[in-house]
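The values are calculated or read from the model by the stated rules, or taken from the named source; none is laboratory data. Predicted model only: the values in this text are computed from it and were never measured. Note that each Cβ is placed from the backbone with ideal geometry, even for glycine, and that neighbours are counted across all protein chains shown. These area figures cover heavy atoms from the full protein model, side chains too; ligands, DNA and RNA do not enter into them. Shrake-Rupley method; radii C 1.70, N 1.55, O 1.52, S 1.80 Å.
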Amino acid sequence: MRLRALAAAVLAAVLIVVVPAPARAADVHVLPFDPVAVDDPEALLELYREPTAAERALPVPSRCGAGAADPVPDGQPIRVSMPPGPTFTVGSIPASWWRNPPSADPLWRLQFLGMMWVRPLAVRAARDDQLKSLAVLAEQIAAFHRQNPDPKTSTYGWDEGTALRRLESENCLYAITRSVSLKQGMNADVAVLLSSRYYGPPYRPVHNHGLMANLQLFRAGVLLNKTTWQSIAVQRLTSEAPQAFSRLGTTWEQASAYQGTIAGLWGQAAVVLEERPGSEAAAASIRRTVAAARIVAQWMTDPDGKVVQIGDSDLIAGTPSTLTEPGVFRDDQAGWVIGRWSWSDRATSHYTVRYGPPRRAHGHHDRAGGVTWSTRGVRVLVGPGRYTSDLKSAFYAYQVGPRGQNTAIPSGPAVGNGAAAVTASRLRSAAHNWTINDKVYGIAHTRGVYATRDVPGLTVSDVFAGNPLWRQYWHLDQAWTHVSGGANGNRLVFAHPTGRRLTITTTGLVSGVVRGIKQPVQGYNFPNYGIRYPAYEISIRSHGRASTTFVVS
C-alpha cells in the first residue's frame, strides 16, 4: 500500500509540473487560395452576411472569414507564402512590389495587392490576443498606402476590384483593432469606389462588384462614423436593386452559380436597408425580388442537386426545390429556357437553352441557342465551367468562347453581338420544341431544340443562311467514355460508369472526337476553378440543315 501511495504522489507531482507548451508560430504561414477572390458563393455570403446580435459582441467580429491554421505570436516575424508568388515577411515587403509584383498570376496579384491575406492572420491573432501582431498587420496596410498612393487610374492595385478586396480587409482589421493607422487607407479605397472606377451605374451596368462595394462602403461608414458614405451606399442599393434582375428574377450575370449568390447578397442589402429609417419600402421590394431570384435558382439546379454549369460556374450545390409543378421556365428578357418533367425524380430530364442579350459579366458565348442536358440520373451535355480568370490564357479563351459551348459556329465570321430570340415554341406533356433565331455571327441562323420525356432524348438542328460550312460542338460530361464511331461517320456511342449508354446520330458528318488536347485547347471540363478534367468534345460539320440526336438508354 505504501508503494502505491508513493507512486501516486510522484505521479501527481509530475502532473503538476508538466504543462502544455505554448503554441508556436509556423516558420511560414502557407495561406491557401482564398475562395472569395473568385466569388465562391459560400465564402462570399459568409464574408458579407450581417452578424447576429451575439456575434457583434465577440472580440473577433464576423465578416472576417476563417482564421489562419497556425498562431501568429507577438514579437515573431510573420512570414507568408501564397503560391505561386514568393514568400514575404509582413512589415518588410519591398515597396517596389506594389507596382512590380513578383508574380504575373492575376489571381495572386488580386490577393496580394488586395491585402486578402491579412484577414486570416488578423482573425487568428485576435483570437489568441496577439495585439502586437495585429499592429504589425495594420502598419503593413498603412505602408502600402504610403508607398503606393492612388494614381487615379486602375493600375498598381487601384482598380475597383482590388480596392474593394482591400477595403474588405481594412474593415475587418479596423473592427478588431480600431487602429487609427488604417483610416487613411480606408478613405483612399472608398474614394476609388466613389469614383468613375466604381463597377455600377452610371459608369457600368449593375454588377456583383458594385453590390459588394456598396455593402463594404456602408460598413466602412458605420465603422468610421461617416454618414455620407452610409447615405451613398443606401442610395445606390435602393436605385440599383430594380436593375439587378430581370422582371422574372434572373440575374444579369449570365452564370448559373451566381444566381443564388447574387440573391443572397441582395438579401444582405435588404437587411442593411431594413435597419435604415425611411428605407423599409425599398427593403421590402428587394425581399420580393430575392424571393423570385431564389425560385429561378431552383430551375438552374440539375436533378442531381448541383447547379447546371452555365457561364462562369463551378459545380457547386444548387438550391433545394420548394416547387412541385414541373414544366418550363422561360425568361426572354434575360435569355433562358429551362425545362424539366419532375421535381422529385432524380432521373428526370432537365435541359437549358441560352439566347437573348449580348454576353456580359460572367457569361460565355453560348447565347446562339447553347444547350445543356441531363437525363436518367446522368449529365450528358454540359457547359465548360470556369478554369481561370487570366485573360491571356488559352484556357480562358476556351471556357468563354463559342467552341467551349454546345453551339453551332459558321466558318469565317467571328462571334458578334447580334440578336438572339425564341421565335416559336410548342409545349406538350411529353415533348418540348423550341426555335431560336439569331444573327450572333452576322448571318441568319436558326436552331431547333426538341426534348422528349418518355424516351429521353434531345434533338438539335441548325441551319445558316447561304448554307456556309458550319460545325456543331458538343461537350460531354467527363464521366463518359468513347465506345465506337469516329470521323466522317454519323453515329457515335459512349458509355457511362452507371451502365448508361449514349447514342449520338447526326445527319451531318462527324469531324472529330477529341479529349484533353492543350494546343489548341479542346476537350476539357472545369468542375471547379483551377481544376480541369479531359472530357469528350465532338464536332459535326454540315453545309445545309443538319440535326443531331442524343438518346440515353
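What the table shows:
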{"quantity": "The range 70-123, residues that are of a type in the set (Lys, Arg), open to solvent by 50 Å² or more (accessible area, probe 1.4 Å) and not in a loop (DSSP other than H, G, I, E, B)", "calculated": "ARG79, ARG109"}
{"quantity": "Pairs with Cβ under 7 Å, 6+ apart, first in the range 93-115 and free of Cβ contacts under 8 Å to residues at least 40 places away in the same chain and closer than 22 Å to THR388 by Cβ, second open to solvent by 50 Å² or more (accessible area, probe 1.4 Å) and part of a helix (DSSP H, G or I)", "calculated": "PRO101/ARG109; SER103/ARG109"}
{"quantity": "Any hit, the range 533-550, residues being open to solvent by 10 Å² or more (accessible area, probe 1.4 Å), closer than 26 Å to SER349 by Cα, in contact (Cβ under 8 Å) with a residue 24 or more places away in the chain and out of contact with any strand residue (DSSP E or B) (no Cβ under 6 Å at 6 or more places or on another chain)", "calculated": "no"}
{"quantity": "Among (1) modelled with pLDDT of 95 or more; (2) under 22 Å from ASN214 (Cβ atoms), the one test that GLY311 misses", "calculated": "(2)"}
{"quantity": "Pairs with Cβ under 6 Å, 6+ apart, first in the range 414-441 and under 27 Å from GLY401 (Cα atoms), second open to solvent by less than 20 Å² (accessible area, probe 1.4 Å) and among the basic types (Lys, Arg)", "calculated": "ALA420/ARG367; ILE436/ARG447"}
{"quantity": "Selection count, the range 206-264, where residues are open to solvent by 30 Å² or more (accessible area, probe 1.4 Å), assigned to a loop (DSSP other than H, G, I, E, B) and of a type outside the set (Lys, Arg)", "calculated": "3"}
{"quantity": "Identity of the residue in the range 265-275, closer than 19 Å to PRO41 by Cα and touching a residue at least 40 places away in the same chain (Cβ under 8 Å), that ends up surrounded by the fewest Cβ atoms within 10 Å (Cβ to Cβ)", "calculated": "VAL271"}
{"quantity": "Set GLY249, GLY278: member being touching a residue at least 24 places away in the same chain (Cβ under 8 Å) and on the phi > 0 side of the Ramachandran plot", "calculated": "GLY249"}
{"quantity": "Count of residues meeting criterion [open to solvent by 30 Å² or more (accessible area, probe 1.4 Å) and not in a helix (DSSP H, G or I)] in the range 284-316", "calculated": "5"}
{"quantity": "Where ARG367 falls short, out of the listed (1) closer than 17 Å to THR452 by Cα; (2) buried (at least 18 other Cβ atoms within 10 Å of the Cβ); (3) of a type in the set (Lys, Arg)", "calculated": "(1)"}
{"quantity": "Top-ranked residue of the range 460-484 - restricted to ones that are part of a strand (DSSP E or B) and open to solvent by 40 Å² or more (accessible area, probe 1.4 Å), ranked as nearest to PRO527 (Cα to Cα)", "calculated": "THR481"}
